[in-house]
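Report on the following structure.
No value in this document is a laboratory result; all are computed from the given coordinates. Worth saying up front: this structure is predicted, and the values here are computed from it rather than measured. In this analysis, Cβ positions are derived from the backbone assuming ideal geometry, glycine residues included, and neighbour counts consider all displayed protein chains.
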Amino acid sequence: MDTKTVLLIILAGISALAVVVFQYYKYAKKRRNLSFILSFLRFIALFAILLLLINPKFSKEVLTLEKTNLIVLADNSSSVASDQEAIDQIVSSLKENNNITDQFNVSEYRFDANLSDSDTLDFHGKNTNIARALTSIGDIYAKTNSAIVMLTDGNQTLGKDYSFYSTNEKLPVFPIVVGDTTSYEDLRVDQVNINRFAFLKNKYPVEVYVSYNGDENVTSSLSVQVDGRVVYRENLSFSNNENSKLVSTLLEARSVGTKSVKVTIAPLENERNIINNNKTVAVEVIDEKVNVGIISEINHPDIGALVKAIESNEQRSVSIKKPPLTTQELEEIDLFVLYQPSTTFRTVFEYIERSRAAAIMVNGTHTDWRFFGSVQKHYEVEDNGIIQEVTAVLNAAFSKYDISEHSFEGYPPLESSAELIGAYGANDVLLNMRIKGVTMESPLMFVTDLDNHKKAYIMGENLWKWRMHSYRENKDFKNFDDFFGKLMVYLSDNDSKERLQVDYRTVYEGSSDVKISATYFDEAFVFDPNASIQLNIKDKDNGVSTEIPMLLKGNVYEADLSNLGEGQYDFTLTLKEENRSKSGSFTILDFDVEQQFLSSDYRKLEQLANISGGRLFFPSETENLIENVTNDQRFRPIQSSIKNVVSLIDFRILLGLIAAALALEWFIRKYNGLT
C-alpha cells in the first residue's frame with residue numbers, strides 16, 4: 001500500500017474513536033463495563049464503514065516461467081510407411097528426453113492432405129500437403145514462442161510449393177528427412193491431359209508429359225493403349241540437359257462408352273521405381289452434342305466468356321451469329337443465347353416461341369426494352385434510363401437443380417438499366433439483385449418453365465468480370481463454368497418433370513473423391529428433405545452388391561464411396577416411397593500419387609529450414625537436433641511477472657462485520673433498557 005492509503009486508514013481509526021468517545025464517554029457516569037462494550041461495537045462499525053469507503057488495496061507480484069512450444073509435426077502419408085519405425089523412434093526420443101520436457105511444451109500433430117492433432121500414425125494418407133500443415137500450425141501458434149520439428153520425406157502432392165513458404169520468424173522449422181535420400185535413375189509419366197468427353201468418330205487430343213532423373217543418355221519407348229489395344233507408340237531420348245518431353249497426339253473415338261487410356265514409358269534396365277512409369281486416365285465417348293447459338297449484333301467481352309464457359313464441356317459446341325437468321329440457320333441451333341436483343345431479333349423470337357426451343361436472354365444497357373416487352377407476354381420490364389451497378393446474391397431456395405456448391409460472395413457487380421416489375425407466371429430465382437446494399441424485389445437471374453418451355457433471363461451485362469473473378473480467387477474458371485454448365489444442362493433437358501435426379505462422374509482417379517449425389521422433388525416440384533433413397537452398388541468384376549442409404553446434406557442427398565477399390569461399378573438409386581429409380585455406371589482408376597516417389601526431397605526441406613530460421617537434420621542426427629534446440633537462445637523459457645492489485649479486506653467481510661456490530665449493539669442496548 002502507498003503512504004496516502006496508510007494515513008487515510010489511521011485517520012479513519014482516529015475519527016471513529018473520536019465519535020465513540022464523544023457519544024459514550026462525554027456524559028456517561030455509570031455502567032462503565034457496558035459502555036466499554038457498546039463503544040467498542042460502535043467503533044468497529046464506524047471504522048469498517050470508513051474502510052469500505054477508503055477501499056485500501058495492495059499489489060502482489062507473481063512470477064511465472066513460460067516454456068517454448070515444441071511442435072512435432074509427423075508425415076502420415078503412405079509414401080513414408082516404410083519408415084514407420086524410424087519416425088516412431090524419433091518421436092519417442094523427443095517426448096522422453098528430459099532436456100526437451102524441461103525446456104519445452106511438446107505438442108504432437110500429424111498431417112497428410114490435412115492437419116490433425118492426433119498422435120496416432122497409420123500412414124494411410126493418399127496425399128500430402130506440407131504447405132497447408134505449416135500454415136495451420138502458424139495460425140494456431142501465431143502469438144507464441146514456438147519451434148517446429150517436422151518428420152517427412154519432403155514429397156508433396158497437393159498445395160503450394162512449401163520450399164518458398166515464409167513462416168513467421170517465431171516459428172522456425174527443423175525438418176528431419178526420412179526415407180531414401182539417394183538419387184536414382186528414373187523415368188516417369190508426370191501428367192496426362194485428356195478431355196473428359198469425346199464425340200463418336202471424332203479425334204480427341206492427348207498430351208503426355210514425361211521426365212527423366214539421371215545423368216546418362218537414355219532412350220525409351222512411349223506407348224498409348226485404349227482398352228488394352230496399342231494405338232500410338234513413339235521413341236523418346238533423354239539426357240541430363242534434356243530431361244523432359246511433351247508428347248501430343250490425336251486418338252480416334254471409334255465406339256461409344258467409357259474408354260481406359262493407359263500411357264506407359266518403358267522402364268530402364270536398372271530402374272528401381274516403375275510404379276510411376278504409367279498413368280491411366282479415361283475418356284467418355286458420346287454420340288450426341290448440343291449446338292448452342294449465341295445471337296448478338298454487338299461485340300462484347302461477355303460473348304467470349306460465354307463461349308469459354310459453354311465449351312468447357314465437350315458435349316456442347318458454340319456458334320456466334322448476327323441477326324436476322326435464315327430458317328435453316330435457326331433449325332441448326334438446339335439452345336439459343338440472345339445477347340441484348342433488339343428489333344432485329346424478331347424472327348429469332350418468333351422461331352423460339354413456335355418451336356419451343358430453350359433460350360437464355362442476356363440483357364444489359366444495349367437491350368431494346370420496348371421491343372423485349374412486345375415479343376413476350378409473361379414479363380413486364382421497366383427501363384428507368386439509369387445505368388446501375390447490381391451485385392448478385394445466391395438464392396438458397398432455388399429448387400430446379402443443386403447450386404449449393406457455388407458462391408457469388410465478393411463477385412464484381414454487373415451493369416443494368418432495367419428492372420422486372422411484373423411476372424405473369426411461375427419463375428424460379430437463381431440470383432437476387434442487390435443495389436447499394438439493398439436487396440431488390442426484381443431478380444438478377446431467373447429461370448422459367450411455362451407450358452414446358454424453358455427459358456433463363458439475366459438482367460445485367462459484364463459477365464466476363466465474373467469469370468475473371470473466379471480465376472483470380474480459385475486459380476481456375478470452374479465456379480463460373482460449372483454454374484453456367486448446370487444451367488445449360490437444365491435448359492437442354494427435355495424431361496423437365498423428372499423428380500429424381502442424380503449427379504455423378506463416369507470416371508474417378510482413385511477412390512478418395514468418389515461421391516454420388518441425388519435430388520428428389522415432390523409433386524409440386526419442391527425439394528423433399530424427407531425422402532428415403534437407397535443406393536445399390538455392384539462390382540462388375542466379382543458381382544458383389546452393396547446397399548447403402550443416401551444421406552441428406554443441405555439440399556442434396558449424397559453417398560461417400562471412398563472405401564471402394566479400383567474397378568468398374570454399376571449403381572441403382574431407388575426411392576422407397578415410390579416406384580422410381582435411376583441407374584448408371586462409373587469407373588475407379590488405380591492411382592496412388594504417393595507411390596510415385598522413390599527418393600526424399602531433402603533439397604526443398606533444406607531450403608524451407610533456411611528460410612524459416614531452422615536447420616535440416618537426418619534421423620541419425622536426432623541427438624544433434626535435441627542439443628541444437630535446447631541450446632538455442634531463442635527457445636529459452638521466458639520468466640514473466642504478473643502484478644495483481646487486490647483489496648486489503650473483502651467488502652463482503654466488511655459488510656458482514658458492520659451488520660454484526662450494529663445488530664449486537666442494538667440488541668445489548670435494548671436488553672439493558674437503553675435508548
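Odds and ends about this structure:
- Here the stretch 290-492 carries DSSP beta bridges of which approximately 60% are antiparallel, counting only pairs with both residues inside.
- On the basis of the beta-carbon distance and an R0 of 25 Å, residue 453 and residue 397 show a calculated FRET efficiency of 0.65.
- Packing rank of 635-646, 434-445, where each peptide gets the mean count of other beta carbons within 10 Å, highest leading: 434-445, 635-646
- Estimated at 0.36 nm per residue, the fully extended path between residue 576 and residue 638 surpasses their Cα-Cα distance by 15.8 nm.
- A Förster radius of 60 Å, combined with the Cβ-Cβ distance separating residue 545 from residue 64, puts the computed FRET efficiency at roughly 0.40.
- Simple label model, 7 Å out from Cα along Cβ direction - residue 145 to residue 505, nm: 4.8
- Rounded to the nearest 20 debye, the dipole magnitude of the chain is 4720 debye, with +1 charges on Lys and Arg beta carbons, -1 on Asp and Glu beta carbons, and the Cα centre as origin.
- Amide H contacts of residue 404 (H built 1.01 Å from N, in plane; Pro and chain starts excluded): no residue 5 or more places away or on another chain comes under 5 Å.
- 3J(HN,Hα) along the stretch 155-160: 8, 10, 10, 9, x, 6 Hz, from the Karplus curve 6.51 cos²θ - 1.76 cosθ + 1.60 with θ = phi - 60°, whole Hz, x for Gly and Pro.
- Highest mean packing first, where packing is the average number of other Cβ atoms within 10 Å per residue, the peptides 293-305, 400-412 line up as 293-305, 400-412.
- Two-site label geometry, residue 34 and residue 84: point separation in nm, points 7 Å out along Cα→Cβ: 9.2
- Global form of the stretch 500-593, assessed from the alpha-carbon gyration tensor, a/c cut-off 1.5: prolate
- Note that the stretch 203-216 has calculated 3J(HN,Hα) couplings of 9, 10, x, 10, 10, 10, 9, 10, 10, 10, 10, x, 10, 8 Hz, one per residue in order, obtained from phi through the Karplus relation 6.51 cos²θ - 1.76 cosθ + 1.60 (θ = phi - 60°); glycine and proline are x.
- Peptide packing for 582-589, 667-674 was compared via the average number of neighbouring C-beta atoms within 10 Å per residue; ordered from the highest value, the list is 582-589, 667-674.
- Using θ = phi - 60° in the Karplus curve 6.51 cos²θ - 1.76 cosθ + 1.60, the 3J(HN,Hα) couplings for the stretch 404-409 round to 5, 7, 9, 9, 10, 5 Hz; x is entered for Gly and Pro.
- Extension gain for residue 307-residue 7 works out to 99.2 nm (0.36 nm per residue, less the C-alpha to C-alpha distance).
- Between 0 and 90 degrees, the angle of helix 3-24 with respect to the longest Cα principal axis of the chain falls at about 50 degrees.
- Prolate/oblate/rounded call for the chain, Cα gyration tensor, a/c under 1.5 rounded: oblate
- Under a model in which nothing but the beta-carbon of Lys, Arg (+1) and Asp, Glu (-1) is charged, the stretch 186-286 shows a dipole of about 620 debye around its Cα centre.
- A simple count of charges around residue 642, restricted to other residues whose Cβ falls under 10 Å of its Cβ and scoring Lys, Arg +1 and Asp, Glu -1, yields +1.
- Share antiparallel - DSSP beta bridges, the chain, percent rounded to 5: 70
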